[in-house]
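The values are calculated or read from the model by the stated rules, or taken from the named source; none is laboratory data. Remember, it's a predicted structure, so these values are computed and weren't measured experimentally. Neighbour counts run over all protein chains shown; Cβ positions are idealised from the backbone, glycine included. Note: areas computed on protein heavy atoms with side chains; ligands, DNA, RNA excluded. Shrake-Rupley method; radii C 1.70, N 1.55, O 1.52, S 1.80 Å.
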Amino acid sequence: MLRLAAIAAAGAVGTTTLAGCGTVPPPPDPAAPRRRGGTLSHGATGGGLKDSLDPHFPVTNPDIARVNNLYEPLLFWDSAYQLAPALATAVTPNRDATSWTVELRRDVAFHHGKTMTAEDVLFTMSRITDPETGAAGPLTEVLDIKNSRALDKHTVRFALKQPYSVFDQLIAEYTAGIVPTDFDPANPVGTGAFRADTFTPGQLSRFRRHDDYWGEAAWVDELVIYDFADDAAKVNALLAGQVQSIDNLPSYLTDAVAEQGSSALVSDTGAWMPFTMRVDTEPFSDVRVREAMRLVVDRQQMIDQALGGYGFVGNDLYAPFDPAYADDLPQREQDLDKVRSLLKQAGHEDLQVELVTSSAVGAGGVEAANLFVDQARKAGIDVRLNKADPNTFYGEQYLQWPFAQDFWVTRNYVPQVASCALPSSPYNETHFDDAEFQELFAQATRTVDEARRGELLHRCQEIEHERGGLIVWGFKKQVDGYSNLVQGFEPDRYLPSGGYKFHRVSFVEGA
């Protein structure tokens, strides 16, 4: 049973200067003997009083870390960002992708002992698609839950409202964790390698090993996830041994932590931290202003300085690893003369705007915002920077800021659009609502032929490139940190800190 306890963070957020840690242990040898047991502590970036254990509406890094250890979807994105079996052993569409048959594992036990069945899967999808309990995400638009059926205890046939060619990608998201029919958000139960113990929003969450886990059992007895609003405190907690891992290590500290008993974990990802412009709010309702703001950005400078070189330039599009990615569109580059011309045409020669940022966006986010302020100034734009604390940034105003930032992990194009670029999307930061785009996207998702679907998605990307509200200046290599006293962290293309799969991590024998 989950105990809602007010537990202090035990000094994990109290250090404010980089601290040494005595004798520096060497980086862990992957072949070294591993020790079972102990408490693994992780420092997650951001979080706040709105922290949640809800499997279907995680927002911040701590939320995402928690749900990836408590719950599991039917399919996984593996470390190479390829679909792999999870709670399902097979997911098969019919000829026109109007229904999908899911075969379930037969040996999955929830944390409270109940064996997972098809009824639990149907209950979960009902919860996800219920406006009262779900995030009103892509599954709500696609899944016909009333006509979906359990064929037997371990087989589900999902009926769809329309053909949907990549439905399997939607049910692999970490926001689609399976829960039992008696699920209670106050006492959350999933199938993950860890079960909930204590939870204090804004501070920490504690988990115990799930001894009846169907997969590889966790090496450690206990997992603790701390919230960190401050990068310096987070890094110092790692170096002082208060946590054994952190996500979003500032890239400029990769060499420094290596000299003090820790290692950097660098993953090639499609993660991105866009600037978000609300297209329904002045001055960003004018496409000329949006184009001008995109041309303000010196993208390579942001990669070099905000990310310390750990990334590659973006072109205001996302999903760079998707086979349909439109890499043939003209690359935007800084053009301050054109910026001035566009703003003059739009009647905004003396443009003044507020840019809202936060450390909760992740390493490099605030640095990118500062660079944008400097770059805009050269074009005569006055950008006032508002650095909000995580509680405020991801509070009541989240998704309402006229001009702000956010963070996204690696996704393919269709699930990313479903998450952020439609009126029905749960995280439509820009309030993008384009009829032509929506019709083309709907056609694409109904199209089984991959080549034709790619043509339709290419046009969707052209529309976003021309008149969308995102400034996607680059993609970051994910840089995280971990103590040399633990092993099992491996690069992951999808999520930080080895995909937040902490059951794979152990202490080194003798540590």
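Points worth noting:
- Members of region 228-272 found to be of a type in the set (Asp, Glu) and open to solvent by less than 10 Å² (accessible area, probe 1.4 Å), listed by number: 247
- Number of the exception - residue 69 against (1) of a type outside the set (D, E, K, R); (2) over 19 Å from the mean Cα position of the chain (by Cα); (3) under 27 Å from residue 225 (Cα atoms); (4) crowded, with 20+ Cβ neighbours inside 10 Å: (2)
- The single residue among 290, 294 that is modelled with pLDDT of 95 or more, basic (Lys, Arg), open to solvent by 10 Å² or more (accessible area, probe 1.4 Å) and not in a strand (DSSP E or B) turns out to be 290.
- Qualifying residue in region 449-471 (condition: within 20 Å of residue 64 (Cβ to Cβ) and either open to solvent by 10 Å² or more (accessible area, probe 1.4 Å) or under 21 Å from the mean Cα position of the chain (by Cα) (or both)): no
- Test result for residue 304, assigned to a helix (DSSP H, G or I), closer than 30 Å to residue 29 by Cβ and either open to solvent by less than 30 Å² (accessible area, probe 1.4 Å) or not small (Gly, Ala, Ser) (or both): no
- Filtering region 97-118 for residues that are surrounded by 15 or more Cβ atoms within 10 Å (Cβ to Cβ) and in a helix (DSSP H, G or I) leaves a non-empty set.
- Residue, surrounded by the most Cβ atoms within 10 Å (Cβ to Cβ), within region 153-196, restricted to residues that are polar (S, T, N, Q) and farther than 18 Å from residue 86 by Cβ: 165
- Enumerated helices (runs of 4 or more DSSP H) restricted to region 399-511, each holding at least 1 residues that are among the small types (Gly, Ala, Ser), within 30 Å of residue 240 (Cβ to Cβ) and without any contact (Cβ under 8 Å) to a residue 12 or more places away in the chain: none
- Output for region 412-444, where each listed residue is over 23 Å from residue 78 (Cβ atoms), at pLDDT below 95 and among the hydroxyl-bearing types (Ser, Thr, Tyr): 424, 425, 427
- In a residue-by-residue description of region 208-223, the property of being within 30 Å of residue 311 (Cβ to Cβ) and either buried (at least 23 other Cβ atoms within 10 Å of the Cβ) or among the charged types (D, E, K, R) (or both) applies to at least one position.
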